[in-house]
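Working notes, structure below.
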Amino acid sequence: MTKPKVLISDKMDPNAARIFQERGCDVDVITGKTPEELKAIIGQYDGLAIRSSTKVTKEILEAATNLKVVGRAGIGVDNVDIPAASAKGVVVMNTPFGNSITTAEHAIALMFALARQLPEADASTQAGKWEKNRFMGVEVTGKTLGLIGAGNIGSIVASRALGLKMKVVAFDPFLTPERAVEMGVEKADLETLLAKADFITLHTPLTDQTRNILSAENLAKTKKGVRIVNCARGGLVDEKALKELLDSGHIAGAALDVFETEPAKDSPLFGTPNFICTPHLGASTTEAQVNVALQVAEQMADFLVTGGVTNALNMPSLSAEEAPKLKPYMALAEKLGTLVGQLAHDNLAKIAIEVEGAAAQLNQKPITAAVLTGVMKQYSDTVNMVNAPFLAKERGLDVREVRHDREGEYRTLVRVTVSTSQGDRSVAGTLFGNGQPRLVEIFGIGIEADLDGDMLYIVNTDAPGFIGSIGTLLGQSGINIGTFHLGRREAGGEAVLLLSVDSPVNEDVLAKAREIQGVRLIKALKF
Ligand SMILES: NC(=O)C1=CN([C@@H]2O[C@H](COP(=O)(O)OP(=O)(O)OC[C@H]3O[C@@H](n4cnc5c(N)ncnc54)[C@H](O)[C@@H]3O)[C@@H](O)[C@H]2O)C=CC1
Ligand SMILES: O=C(O)C(=O)COP(=O)(O)O
């Protein structure tokens, strides 16, 4: 088997390359490429490991013909076009915790730097000025810290601030009152936070809701003398309004680690008194960089080599322990999806995926994604586990998951029911012996069959001689029958015939078969 090939395109701790190699991947480290240069080489790679410099745009993804996974050694993924990656079936993963302490510490460092004007005092002292009377700081003890975003980093900042004897007021719509109590912070709305805070620090991602959260209007509502720290993302604070309010003296100080446009080379804020900045250094400590490099390489190599999925942003997680247990179920689920996708191709509106018995003990999301992969394959030839749920959603398919802990007739069962214009239709399968997927029911009729290769599905009226006629037609057409499976509702009623054939059945043969007396439906299937 050829090894998966990974490109590390941003500066990363060398542990990343080491881990990729140890875990069975070939790796190239090529940093500082322009988008055009990256486009020219990306087609060779199965994995792309990045930090914040590489922009994984739609154009790059279009050129990435072999790409299976993008791994972000860090938290923010606003430099990755996730919808475009999902549509292409590329998994996007990040390392959500590896650099949080480091970034929280940078926010606290910037808060102190503002409180005591450290950069300006340092520059003045080193210029030989000894301006002891120019610099007058403020204490942080007893002051109120307004925390915008109380997730991983925000909560670490809160705990450090409480340790510094500050009061913490937090605005985060997803912060529950219980969690606020646990964190020791006061949950507040944004208006209250703006009115109360002596220091404001931001820790949200950049989204449509958070963009410009500190707008000119909101900055004007802050307490006079407020100091603002942004170590999260550029675009959260209106930089023009910030400059005006620093100049007017309403804001006593601001520290930005991140800018609307990066690299920031000529910001109007540069040179403003009481403004300090760093070049997106929030995550830049040796500890954090080792953490995220190790973690991203482990996650990506796991995915490329064993199929384990950790910290993916566009796919359900699948641990290294779960992956081998789920693998046969996913194979079964994809076959059932492929079956219903072919049988209900034109009028699929709703789909229910039920797991029963042993299957109900497992993570159901990957099973659902595998069923949808089988179904959506009938509509597009670039479908996989990542993009199938998105394609299904795009098509307006209503997907429902049901779990029954009880065991039925089988120890373990996956059932897929589709609602079509002819009513609900369901197929079910189980795992036999050493995990072999097996169909056990089709549209209410018990029938046991492996779903493999070319098959023929026939619904007919149960009558003597019918099977012989089908066998004769296929024989005369040079089509060899591999296996033969029969099921019927009752003697003389609706019967189902499922045949595996050694070569595809063409339209001519299907047309002749339709003329055989008793045939109600005949369809060539492919698995
Ligand atoms: N400067 C740097 O080098 C670094 C920056 N970051 C950035 O820090 C930010 C926070 O990271 P984490 O704490 O790990 O993320 P997180 O996902 O754990 O927390 C984000 C919090 O923001 C909250 N939030 C979402 N929308 C909101 C809204 N409209 N108003 C208020 N709160 C809202 C969420 O509920 C969540 O609690 C991210 O943008 C990340 O990219 C992370 C690492 C390094
Ligand atoms: O992890 C994050 O979100 C960061 O912003 C860190 O960015 P970096 O990897 O240092 O370019």
The residue that is nearest to ligand 2 (Cβ to nearest atom), considering only those in the stretch 93-110 that are in contact with a strand residue (DSSP E or B) (Cβ under 6 Å, 6 or more places away or on another chain) and part of a helix (DSSP H, G or I), is A107
Exercise. Based on what the data block shows, is G76 buried (at least 16 other Cβ atoms within 10 Å of the Cβ), under 23 Å from the mean Cα position of the chain (by Cα) and within 16 Å of ligand 2 (Cβ to nearest atom)?
Worked result: yes
Within the stretch 223-243, the residues that are within 16 Å of ligand 1 (Cβ to nearest atom) and touching a helix residue (DSSP H, G or I) at 6+ places or on another chain (Cβ under 9 Å) are I228, V229, N230, C231, A232, V237, D238
- Answer with yes or no whether Q364 is under 27 Å from F303 (Cα atoms) and either in contact with a His (Cβ under 8 Å, 6 or more places away or on another chain) or charged (D, E, K, R) (or both). no
Scanning the stretch 158-182 for residues that are buried (at least 19 other Cβ atoms within 10 Å of the Cβ) and among the charged types (D, E, K, R) gives D172
If we keep only residues of the stretch 206-236 that are crowded, with 22+ Cβ neighbours inside 10 Å and within 27 Å of the chain's Cα centre (by Cα), then the residue farthest from H106 (Cα to Cα) is L236
Worksheet item: Is it true that some residue in the stretch 116-128 is in the same structural domain as D257 (by TED's automatic domain parsing), within 16 Å of ligand 1 (Cβ to nearest atom) and in contact with a strand residue (DSSP E or B) (Cβ under 7 Å, 6 or more places away or on another chain)?
Response: no
Exercise. Can you confirm whether the stretch 146-157 contains a residue that is within 16 Å of ligand 2 (Cβ to nearest atom), farther than 30 Å from S380 by Cβ and assigned to a loop (DSSP other than H, G, I, E, B)?
Key: yes
Inset, instruction - Confirm whether I156 is under 30 Å from N15 (Cα atoms) and modelled with pLDDT of 95 or more. - result: yes
Taking the stretch 1-41 and keeping residues assigned to a loop (DSSP other than H, G, I, E, B), over 30 Å from E260 (Cβ atoms) and aliphatic (A, V, I, L, M) leaves M1
Has the stretch 113-134 got any residue that is out of contact with any Phe, Trp or Tyr (no Cβ under 7 Å at 6 or more places or on another chain), within 16 Å of ligand 2 (Cβ to nearest atom) and touching a residue at least 40 places away in the same chain (Cβ under 8 Å)? no
Flagged in the stretch 248-302 as surrounded by 14 or more Cβ atoms within 10 Å (Cβ to Cβ), of a type in the set (D, E) and not assigned by TED's automatic domain parsing to the domain that holds D10, in numbering order, are D257, E260, E262
If we keep only residues of the stretch 42-85 that are of a type in the set (K, R) and assigned to a loop (DSSP other than H, G, I, E, B), then the residue farthest from ligand 1 (Cβ to nearest atom) is K68
V375: in a strand (DSSP E or B), touching a helix residue (DSSP H, G or I) at 6+ places or on another chain (Cβ under 9 Å), under 15 Å from S426 (Cβ atoms) and at pLDDT 90 or above, yes or no? no
Picking from R425, R438, R489, the residue that is charged (D, E, K, R), assigned by TED's automatic domain parsing to the domain that holds I353 and either at pLDDT below 95 or out of contact with any strand residue (DSSP E or B) (no Cβ under 6 Å at 6 or more places or on another chain) (or both) would be R425
Picking from D28, D46, the residue that is among the acidic types (D, E) and under 18 Å from N94 (Cα atoms) would be D46
Taking the stretch 13-56 and the residues there that are surrounded by 15 or more Cβ atoms within 10 Å (Cβ to Cβ) and small (G, A, S), the one that is nearest to ligand 2 (Cβ to nearest atom) would be S52
From the option list G151, G146, single residue qualifying as touching a Pro at 6+ places or on another chain (Cβ under 9 Å), over 20 Å from T278 (Cβ atoms) and within 15 Å of ligand 1 (Cβ to nearest atom) is G151
Exactly one of P437, P389 is outside any strand (DSSP E or B) and touching a helix residue (DSSP H, G or I) at 6+ places or on another chain (Cβ under 8 Å), and that one is P389
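The values are calculated or read from the model by the stated rules, or taken from the named source; none is laboratory data. The model shown is predicted, which means the values in this text are computed figures rather than measured ones. We place every Cβ from the backbone using ideal geometry, glycine too, and count neighbours over all the protein chains shown.
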